[in-house]
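Worksheet: the structure to be examined is printed underneath.
The values are calculated or read from the model by the stated rules, or taken from the named source; none is laboratory data. Predicted model only: the values in this text are computed from it and were never measured. We place every Cβ from the backbone using ideal geometry, glycine too, and count neighbours over all the protein chains shown.
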Amino acid sequence: MASAAVDPEIDAILRIIKKQESVSVYALSKMLQWSYGKTERKVADLIKEGTVFASTRVDGGRNLKMLSLKPVSMDRENDIKHEKSTNHDILKEAFQHLHGIFLELNELGIDPTPALFSYAEKVGIDRERLMAMFDTAEQAIES
């Protein structure tokens, strides 16, 4: 295989991966305006060389091969724990903002309860379950 220094196509791949940090083969092929097959073949060579590293991510039920110039972590269990912790922090922050919005609505004299119950009915959540979810969220905010 030609080295990246003399192959402008390989150089283009490496520049995009470096800039994006993590990019799927599909997205890379679109950015390069190449066929998926051509992109996959070039990337496979770079992976074999150890120049590019690949991991798999599920997005919308599809397996995406994600590319990076950094090695993929071998400690997947720790990565999952970190991801769950990060997701928990994001959800907690979202609930804090939602709680703040409800407080703001109440201060403005607007009762959000009818809209909440209407939404719950539309998506098939009974009122008791909805209230239990909000109680759980409020406990998470306070902890």
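Assorted remarks:
- Across the stretch 32-49, not a single residue is classified as β-branched (Val, Ile, Thr), at pLDDT 90 or above and closer than 30 Å to Gln139 by Cα.
- Flag for Phe95 being modelled with pLDDT of 85 or more and among the aromatic types (Phe, Trp, Tyr): no
- Summed over the stretch 26-67, the residues that are in contact with a strand residue (DSSP E or B) (Cβ under 9 Å, 6 or more places away or on another chain), without any contact (Cβ under 8 Å) to a residue 40 or more places away in the chain, of a type outside the set (A, V, I, L, M) and part of a strand (DSSP E or B) give a count of 6.
- Criterion: surrounded by fewer than 12 Cβ atoms within 10 Å (Cβ to Cβ) and among the hydroxyl-bearing types (Ser, Thr, Tyr) - qualifying residue of Ser22, Ser29, Ser35: Ser35
- Matching residues in the stretch 98-143 - criterion: being small (Gly, Ala, Ser) and not in a helix (DSSP H, G or I): Gly109, Gly124, Ser143
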